[in-house]
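Everything below concerns the one structure shown next.
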Amino acid sequence: MWPCVAALLLLPLGGCARRTGPSALTEHTAADFSDALHSGKTLFIYFQQLVSPTISLFLVELEQSADALQHYGVLVGKVNCNKESFHGYCAEEKAVNTVFLFRGGKEFLGFSLDIVFDVNSIVSEVLFAILREEIKYVHTETDLLAMEKAARGRKDIALCYVSSLGTQEHRSMMETAYVLCFTQATEIRRVICFTRFTQPWRRKPKGIGHRNPPKKLIHRARLSFSVSPCSVDETSRSSQVWFLHCSGHSRSMTSEHCPSTRMSQPLSTLSLHSFLQLMEAPLVSEVYQDPSSVRPPQHPYQDTPQVFLFSRPATKREDLYEATALAWRLRGLALVLLVHRSPAVKTPEEYNAAYKLPEKGSVVKYLRSNSADELLELFTNPVEEDEDEEEDEDEEDPEEEPLDALDDEIAESVFENRLNLPDADSLAQLTSDNFHATVAQSSLTVALFYLPWSAVSNAVLSSFSDVAERLEGSEVQMSVVNCAEWTDLCAAESGGSPPIPFQPITAFPTVLLLRPKESAQRYGGLLGAEALHRFITLSQPASPVLLSTEEEVTSFLLEGFARYKPARALGLFRTRADAGVRQFTEAAKSLRGEVLTGLLTDGLAEKWAAEHGVRLPAALVLPSGAKRTRASALPASASAQELLSHIGAALLHPVPELTVENLPSFLSLGRGLLLLFVGEEEDEIGHTQNQALLKEMRDVVELGGGWMERYLVCWLHLGHTPAGMSVLGSYLGSMPPLPALVLTHLPSGSEVYQYPPNTPILASSVLQWLQRVEDGTESAAGMLGGGSWPPTTELFDFLKIMDMQDPDLSRQRASEEKVEEGGDSFPARDKYPHTEL
Amino acid sequence: KSVHLPYLTLLILIGCTECFPDDRQQNGTGRYDYCVLGAGPSGLQMGYFLSRAKRDYVILERNSGPGSFFNKYPRHRKLISINKIYTGSQNREFNMRHDWNSLLSDRPNLLLKRVSRDFFPPADAFPVYLSMFEKELGLRVRYGVDIGRIGAVRSPEGRRYILTDQHELDYTCSVLLVASGLWVPQRVEFVGSDLVEGYESISTDPEDYKDQAVLILGKGNSAFETAQSISGRAKLVHMLSSNPVRLAWQTHYVGDLRAVNNDLLDTYQLKSLDGLAEIPLDKIAITQLKEQGWSRSGAKKKVNKPKFCVTLKKYLQHQEEKNGSDARRAETLEYQLDNFSMRKPYDRVISCLGFRFNFSIFQSSARPLNSDNAKGRLPRLTAWYEGDNTPGLFVLGTAAHSRDYRSSAGGFVHGFRYTVRSVHRVLEQRYHGNPWQSTELSTTQLQSWILKRINEASGPYQMFEVLGDVILLRGSRCEYVEEFTLQALPRFSSLSGHEVSKHGLIVLVMQYGKNKVDYLGRGRADTEWTTAWKSNFLHPVLYYYDKLPTDEEMKLRPPGWPLPRPKAIHHMVEDFLTEWGTPISHIQPLRRFLEHCVQTDLRAFYAESCFRLSLAHRKPPLFCQQGYLKRQGVARDSRLWQRDQDGGPMPTVRDEGTSGADPAFPAHLAQAGASISAGLKLDF
């Protein structure tokens, strides 16, 4: 599996100068430089024009790096421009301070001497450049998630975080990466990715002995986020490496991330190499002989301690489970072997563990250990680690306490904030006893039906009490019903008193709007403070408002509602007795809280209809934020349901912006989404650009006409809706440049198409592209994730545990076993039946 | 009758069809769909359900008021069913867990606490309560009808039961609900059993036991109640039965000796002359001592009371002739066995052996078989309380205890009020085609609903291991059927009228652990959810089946289990407060178990996550489908989120999109778009 091991071990390790022996550094003449160049080899050449102490120092380092780099197929050389004048590079002034990398006969990259100044920086930067295409880079957690998703079940990932470039650590990583990328025989099972959470500090040559960047700078380079399985310790000065075990985990227990192991040894090529090799080692090996006769670990694990755990036949499966749990924690530190007790095993029963260190002549040490932590302590790196760091690790290792960690984000956030949760008692309590009286007291009572143990209920209760605070002093009575206490009220059992004006509550939480002598209205919107507050505010006016004067109509259309700009719909009918009025009133009732509705009849209605050029009956709608009303004629005898969809269609924006709140209503249309992702505008220009893009999208709708009706053209502003970012990432596997236009959620399949990223977004070319997609000549840029969501964890199988610990407990009786008479009556517990009932 | 007349005329005036039963009442005979025999607690309870369902029924009662058993029993007039008025909860359903006397009704206030506020109410309170229950709910009871004969006939419409009263009047019923209770004293036949006084007739005045040596046969509550009552006056009290005393708090069976009656255990163990002994009662013989020569020495006392000696049958000579008569000294155990515990004679022997079902009124066509357990004292019943060989005849109340004899609460008011309801549901389904009442839920609500039931439901709590909730899985929806008779699970579909789909079903049962432990000792309770299956105290257990178990599987279920081995089982760890609502130990393990039953992720997500998942997947997880996609997403409360941030970095917050404005956002994009060619490529 590791064909390159030998080569790697031969590598000179950083800093060890080899002044003796022939140098690998080639001094080129014009002719052989040209030959070498055209041979297509990778060359790293310095054109020496000047001689100075700094340059001389550099040349020594260059010479050393030549030895190192030749193992990676890079020929390091110099051309003395003073000997023969090269027309090209020797003539260029910038070449004085630049070393050039040539690949395939062409200049590939120039490195400033500020960057490449010693053997470590040269090797790391050169390999960095060569591996640029081979190594994936992680900038955001989304990137990492996407990468883990793609690797799941197939590959493992080595994730490296480099705190500063050009260091020994950087070099070690690059060398290892090179081996992994180019010398792995058949199949590359690993992907090295390189985190650049932030611009790494690049080591400067000033004071070559200065190995670490100043602390201050590191602190300034704050991480923009933390990755759950391997959050980078911000205060740590050192680079870090994690191994993400994705290949074995098609679905991880508790998180979207693959389980990970952090490398705890100090970073060097050798330690990194053996760390990665150890990750390949079987987690637990099972043996049937005494630890003393178990062979020491074979190459390449010969330097790794062995830990033995003993297993009894009776508890075989449990023991293996425990050993595996320990092995996960010891991964990278020691190899775990499970010794099955058999006659060959001479170890006294009193011991349940043993270990053997790799040093020559070391013997097996036996011990009785009560906890995994004890064993762990034996092998944790003696290199002093911050206590915090260790704690962090404990918290973040997903294998540590997979069963008790809350894996439900709502449950978790409620649990984390359990001390700060709003007290339901501070809100008015509706009970079976006071329900009717309380509802009769105010024109609008809003009631939250909740269950105290439900995390979702508690999350909503928090928003609800927020709204209650905002509405304090208003006519709205905000109240809660604890359905764990008032079962009969929640079940709408009146118990003899007046009937309860709602159906039994079977979903928690539920918000009802209660008005005296009316049946309850169920709040059907987003369960959040803002949305609920808006809904309550907008439900306060009558629905529909009966308008009878010109002023009333104007104020209906223009009046503000706090900061809300509600959509409005005005029904115009000939008379109040018109049959359509009843239907419209019914429709208005169900729109209450979302759309302001008004009703206009008689002469005034005629006048408004005429002004808008429609006949009665008609509807005037004013979408939220729009400046002009749109008029449309209503079918003469429409049902309330038809009126609703008519109003809904009239209010629909031609190119709506998708938000967390409104996405469901658009998805429910069942149309494909032609979705434009735009970034946040940093300045006026950005703003204008985005406006222009939206204009193009409107044109797409208009130009496409009926053909476009199968699509919903919409846009998503990543500044307003940052959650969209990871969506885009998951469509395309990476973050494309913005704006990005994708076609997704096609009724026909899971394909996601991306409009060519480098093509300007113009209505006509978008339409052509859509046509090509329909024709099947465009290939998909990505796929939607599947719609199946299997259980989050393995079954915690009580039956299996019972079978293991007490096999008779849960076993069905065999049919020949004597079943007590009467078969399905309870077994008597005692031999003699009792004497009294 | 006169009470009914004004009512009757009113009904006739408004031409109501309901008047027919009253018509029949005038005639004193008639045909009914349902006859309930006995107006005790179970009869009235069934009456309530029949009346609420507007069924044609009558309750026949030989006495002049309801619950007449309680006019006499318990003899010492203290009920030992608890009447807990204060529970700290207003939840009516929950409070029924701690009210062992009241019957079920939709009247919130029709509870025993209106009659008595004592924790152990006086026995007289109970008939008063029953009478109140009958009157306020307007149940149709005919008092003074003493049914002496019950027979069954075949008719074109099916089997009919004919009940004949003391006036030879017949009542013909399609369904007979026998709620006659247990009131015939149980006897054990042995030599000298005729010398024994019965619990039913003993004096309850302690003074009558002054300085007497009393032997009580039996070690149940009536025996101990009697012992407790007389121990202040008696010289000594000995108690004798085949088995050692069983303490209710150890066996979890309320029919065993309750602590409220167990003073005698103290006086025995604190060496105050009382004592307990074990001999099978059919092995003993009681003989009356003759005053032989030795009384001559004494002066002329008052006539000596008969003295009774306990001996073993095998030592009796001439048993045939001497059956139950005076014994000779040579036959006493004092003579035979040197230190026999009962070698001293007793002044009285009292039998406190409980009661048996009155089989005598049933003709062979209608006679239920004797039970296999309880010494055959009870009728043998199917799992839905129908007589094994008497279709259409159901047994309710205490007499139906053979189903859960010595294991659950079916012999007691707080248990059988629920089995009566279950039987009524069986009747509604079988005779009227009304499926069992059920609640349809979305699957994401199932967990909440289960927790709600676990934390408040009284039926499965009282009738643990006998009644359980059945949840029919139907994919994204499910059907919740409450309080099914577990033993009848193989017949679920026909009994309940609900079909089981291919998604299978979950049964929720409350059960005790089956291990014998030191119930007050260390290590008696488990708090670790991973070892919940070892819980000793009452705790919820969920059984998942992919299809209904068969009769055979039910029969061969593991010993001590209420149900056969399921596909998967989940125990929720016992809880000191009997409140199952903690996030880590109770809720999350339950959720994960349910996920395996319904084969889907049941986690809850905030709206932002649902937004992401809805856009990035063909379908988001069920919670998002049933909430968010129906526009009812859960927004992350800004205040909760605020606190998160104040509390330092949250390692597990995985949603980078939740902070309103991310200042680093444009920088990210710039980096992603420009820096390293095409950013990351996922070409592996």
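Things worth noting here:
- On the principal axes of its alpha-carbon atoms, segment A:282-384 has extents of 39, 26, 24 Å, going from largest to smallest.
- Segment A:424-537: translational diffusion in µm²/s, Stokes-Einstein, Kirkwood Rh over Cα pairs, 20 °C, 1.002 mPa s: 154 µm²/s
- When segment A:282-384 is described by a simple charge dipole with +1 on each Lys and Arg Cβ and -1 on each Asp and Glu Cβ, the residue from A:GLN289, A:ALA354, A:LEU330 located farthest towards its positive end is A:GLN289.
- Subset of B:LYS452/B:LYS514; B:LYS307/B:LYS516; B:LYS72/B:LYS307; A:LYS41/A:LYS83; B:LYS555/B:LYS619 violating a 32 Å alpha-carbon distance limit: B:LYS307/B:LYS516; B:LYS555/B:LYS619
- Amide hydrogen proximity for B:SER501: with H placed 1.01 Å from N in the peptide plane, the residues at 5 or more positions away or on another chain lying under 5 Å are B:LEU473.
- Net charge dipole size for segment A:560-631 [Lys, Arg +1 and Asp, Glu -1 on Cβ; Debye, nearest 20]: 280 debye
- Here segment A:30-147 has an Rg and Dmax of 15.8, 55 Å, counting Cα atoms alone.
- Taking amide H atoms as placed 1.01 Å from N in the peptide plane, the amide H of A:THR26 lies under 5 Å from those of A:VAL76, A:GLY77, A:LYS78, each 5 or more residues away in sequence or on another chain.
- Hz values of 3J(HN,Hα) by residue in segment A:416-429 - Karplus curve (6.51, -1.76, 1.60), Gly and Pro given as x: 4, 9, 4, 7, 10, 5, x, 8, 4, 5, 6, 9, 5, 9
- Estimated FRET transfer efficiency (A:HIS299, A:THR54; beta-carbon r; R0 51 Å; 0.05): 0.70
- Computed from phi, the 3J(HN,Hα) profile of segment B:454-460 under the Karplus parametrisation 6.51, -1.76, 1.60 (θ = phi - 60°) reads 4, 8, 9, 4, 9, x, x Hz, with x in place of Gly and Pro.
- Here r is the Cβ-Cβ distance between A:ALA405 and B:GLU136 and R0 is 51 Å; the resulting FRET efficiency, rounded to 0.05, is 0.40.
- Backbone N under 15 Å from the A:GLU794 label point (7 Å along Cα→Cβ), restricted to segment B:597-628: none
- Each other residue within a Cβ distance under 12 Å of B:GLY392 adds +1 if Lys or Arg and -1 if Asp or Glu, for a net charge of +1.
- Spacing of the modelled spin labels on A:GLN289 and A:ALA91, each 7 Å from Cα toward Cβ, amounts to 7.4 nm.
- Under 5 Å between amide hydrogens, built in the peptide plane, is the criterion, and for A:VAL545 it picks out A:THR597, A:GLY598, A:LEU599 among residues at least 5 positions away or on other chains.
- For segment A:516-651, projected area of the alpha-carbon convex hull averaged over all directions, nm²: 8.3 nm²
- Potential extension, A:ALA507-A:LEU767 segment - 0.36 nm per residue separation minus Cα distance: 89.1 nm
- Each Lys or Arg adds one and each Asp or Glu subtracts one; over the other residues with Cβ under 10 Å from the Cβ of B:LEU50, this totals +1.
- Other residues lying with their Cβ under 11 Å from the Cβ of A:LEU272 contribute a combined charge of -1, Lys and Arg counting +1, Asp and Glu -1.
- Segment A:282-384, relative contact order [Cα under 8 Å, separation at least 6], %: 34 percent
- In segment A:663-783, the alpha-carbon atoms span a convex hull of 104 Å³ per residue.
- Between A:HIS717, A:VAL700, A:THR744, the Cα set farthest toward the positive side of the dipole of segment A:663-783 (charges on each charged residue's Cβ, about the Cα centre) is that of A:THR744.
The numbers here are math on the coordinates, done by the rules we state, and not lab data. For clarity, every value in this text was computed on a predicted model and none was experimentally measured. Please note: Cβ atoms are built from the backbone with ideal geometry, for glycine as well, and neighbour counts cover all protein chains shown.
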